[in-house]
Amino acid sequence: MGLPWGCSRPSLTGHARDLLTSLVTLLLLRLGSAQLRVVGPGHSVTATVGQDVVLPCHLSPQRDARTLEVRWIRHSLSETVHHYRNGEDLYREQMGAYVGRTELARDGLSAGSLDLRITGLRPSDDGQYVCTVEDAYNEAIVELEVSATGADPHLSLGGYEAGGVRVLCRSAGWYPLPQLLWRDAHGQHLPSVSQTHSQDQEGLFEIEGAVIVTGSVEGPLSCVVRSSRIQQERESSLHIAAPFFHNAQPWIVALALVLVLLAVSIGLGVYLFRKKVAQSRELEKQAAELAWRRGLLSHKRVKVTLDPHTAHPQLVLSQDNSSVRWETQKQQVSDTPERFDNQCCMLGREEFREGRHCWLVVVEGKKGKYLWWAMGVARTSVKRKGWIDMSPEEGIWAVQFNEGQLMSLTSPRTPLSLSPVPTRIWVCLDCTQQQVSFISADNGVEIFTFTAASFNGESIRPWFRLETRGIQLCLRDSTL
């Protein structure tokens, strides 16, 4: 029915307009929350060894971060640099290298700032850092470039060689590895005849080079050590007087020959003495290793197989369940309670409650630094869903190889120095003594032993982790 003549349609009431405005505002707020982003500086951060540095990171749009969970990590969640949640700093998962050296800028959290401060920079701090927030859909990568300028080059004469004089140049305290260049008085570059470098325990580089200078080189000789990262250099010069380039007199040659023979004799004597000492120590080491291997004979060598019902969807097993490989594409498998769904782990079928048992695990496939595998044992009740803290506290006793470093999965992690890294490893379980040992199958050397493991009366099963294509973990029948 139409409106009476002369009447207009009524407009929205004030209450309806307020309701519509509230709905639009709520929708915008929810949309903004869904698009919460973690933003980095957009450029690398440079700092010097020994100094403190702040890695910038903030939320966009701005939001109070005091009640959020913030993580700064290196390459993965297992490499935690700093962990913050609900107003507390959590240090349980923190890497040992950063203990007591990190903090969040608390005064900026309310404004959405997630800046991380690292004190007393070391060369090992160089590289990428990842800033993550639980409620955000992305993460920010911050590149930290650490540098150190070394000492002035030290020049010295190394004697006559190839018709000229050998000059040595050495400089230490650099990071990253610098360049070493030679220049004559006219600024022309001279070719090095040798160049070597090494790193000290702190990770700083020492570089040494040599050049042969003949009488055709006029004026002072300069050695320049330069850092391409920070565009700084150190230079030292040496002027070699003309008489050095004259042909050596016969008596000088004779003296030099005598000195060389004397040096060779002394060096040979020292070498033979050290060789004898080294042989004695090697025999002692072999005896100790033999004793260790004999001790393992009390462990029952068992055949274990892989349990496909526990395997993460990206782990593919062989038909006989004796080997496993990792693939980028997930398999279509049922998500049962016993299956790992977050980290690429799985268990063996066998369960052990008593006695001593050993089984052999072989890492087969490509070689290199950028591999990721782990092996060990776990309680049958180990957590299968979500993120897992792979440590004895979680019920996992294992060793792991990641980014070129072998380590035990203790809290914190314990780096293990073995060269080369073993790829044939005995996993030895002693339920009576509650110990888990890892032994190189090639030479019987002990890799690591967990003592006083808390099995809590549960049955124990083999445990594996694999996150690299091109390799596989294989269970082999073998003898010690």
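The values are calculated or read from the model by the stated rules, or taken from the named source; none is laboratory data. These numbers were taken from a predicted model, which means no experiment stands behind them. Neighbour counts are summed over all protein chains in view; Cβ atoms, including those assigned to glycine, are modelled from backbone coordinates with ideal geometry. Ligands, DNA and RNA are excluded from the accessible area calculation, which covers all protein heavy atoms including side chains. Shrake-Rupley method; radii C 1.70, N 1.55, O 1.52, S 1.80 Å.
Please identify the pairs in which a residue from region 451-468 that is without any contact (Cβ under 8 Å) to a residue 24 or more places away in the chain has its Cβ atom under 9 Å from the Cβ atom of a residue that is of a type in the set (A, V, I, L, M, F, W, C), counting only partners at least 6 apart or on another chain.
451/436
Residue-by-condition table, conditions (1) open to solvent by less than 40 Å² (accessible area, probe 1.4 Å); (2) under 26 Å from residue 407 (Cβ atoms); (3) of a type in the set (Ser, Thr, Tyr):
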position: 46; (1), (2), (3): no, no, yes
position: 51; (1), (2), (3): no, no, no
position: 58; (1), (2), (3): no, no, no
position: 61; (1), (2), (3): no, no, no
position: 68; (1), (2), (3): yes, no, no
position: 71; (1), (2), (3): yes, yes, no
position: 76; (1), (2), (3): yes, yes, yes
position: 91; (1), (2), (3): no, yes, yes
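I need a count of the residues in region 351-380 that are in a loop (DSSP other than H, G, I, E, B), open to solvent by less than 50 Å² (accessible area, probe 1.4 Å) and touching a strand residue (DSSP E or B) at 6+ places or on another chain (Cβ under 9 Å). If you could, list the steps in order and put the result at the bottom.
Going through region 351-380, the residues in a loop (DSSP other than H, G, I, E, B) turn out to be 351, 353-355, 366-371, 380.
Filter once more, so that each one left must be open to solvent by less than 50 Å² (accessible area, probe 1.4 Å): 355, 368, 371, 380.
Adding the requirement that they be touching a strand residue (DSSP E or B) at 6+ places or on another chain (Cβ under 9 Å) leaves 355, 371, 380.
Total satisfying the criteria: 3.
Per-residue answers, yes or no, for (1) out of contact with any His (no Cβ under 9 Å at 6 or more places or on another chain); (2) in a loop (DSSP other than H, G, I, E, B); (3) of a type in the set (D, E, K, R):
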| position | (1), (2), (3) |
| --- | --- |
| 436 | yes, no, no |
| 442 | yes, yes, yes |
| 449 | yes, no, no |
| 452 | yes, yes, no |
| 464 | yes, no, no |
| 468 | yes, yes, no |
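Does region 103-116 hold any residues that are in a strand (DSSP E or B), of a type outside the set (A, V, I, L, M) and either modelled with pLDDT of 95 or more or more than 23 Å from the chain's Cα centre (by Cα) (or both), and which are they?
Just the residues of region 103-116 that are in a strand (DSSP E or B), to begin with: 103-104, 113, 116.
Those still in the list that are of a type outside the set (A, V, I, L, M) too: 103, 113.
113 - this is the single residue of region 103-116 that is in a strand (DSSP E or B), of a type outside the set (A, V, I, L, M) and either modelled with pLDDT of 95 or more or more than 23 Å from the chain's Cα centre (by Cα) (or both).
Quick one: would you say residue 412 is in a loop (DSSP other than H, G, I, E, B), open to solvent by 50 Å² or more (accessible area, probe 1.4 Å) and in contact with a helix residue (DSSP H, G or I) (Cβ under 9 Å, 6 or more places away or on another chain)?
Numbers: in a loop (DSSP other than H, G, I, E, B): yes; open to solvent by 50 Å² or more (accessible area, probe 1.4 Å): yes; in contact with a helix residue (DSSP H, G or I) (Cβ under 9 Å, 6 or more places away or on another chain): yes.
For residue 412, the condition - in a loop (DSSP other than H, G, I, E, B), open to solvent by 50 Å² or more (accessible area, probe 1.4 Å) and in contact with a helix residue (DSSP H, G or I) (Cβ under 9 Å, 6 or more places away or on another chain) - is met.
Of all residues in region 114-147, which are under 21 Å from residue 205 (Cα atoms) and in contact with a helix residue (DSSP H, G or I) (Cβ under 7 Å, 6 or more places away or on another chain)?
Result: 124, 144, 146.
Which residues, taken from region 381-400, are crowded, with 21+ Cβ neighbours inside 10 Å and aromatic (Phe, Trp, Tyr)?
397
Looking at region 12-28, can you tell me whether even one residue there is at pLDDT below 60, farther than 30 Å from residue 372 by Cβ and part of a loop (DSSP other than H, G, I, E, B)?
yes
So which of 451, 423 ends up being modelled with pLDDT under 95, among the polar types (S, T, N, Q), open to solvent by 50 Å² or more (accessible area, probe 1.4 Å) and more than 17 Å from the chain's Cα centre (by Cα)?
Values: 423 fails: open to solvent by 50 Å² or more (accessible area, probe 1.4 Å).
When all the criteria are applied, what remains is 451.
Quick one: count up the residues across region 93-109 that are open to solvent by less than 30 Å² (accessible area, probe 1.4 Å) and hydrophobic (A, V, I, L, M, F, W, C). Break it down into steps so the answer makes sense when it comes.
The initial filter retains those residues of region 93-109 that are open to solvent by less than 30 Å² (accessible area, probe 1.4 Å), namely 94, 98, 101-102, 104, 108-109.
This time we only want the ones that are hydrophobic (A, V, I, L, M, F, W, C), so: 104, 109.
The number of residues fulfilling the criteria is 2.
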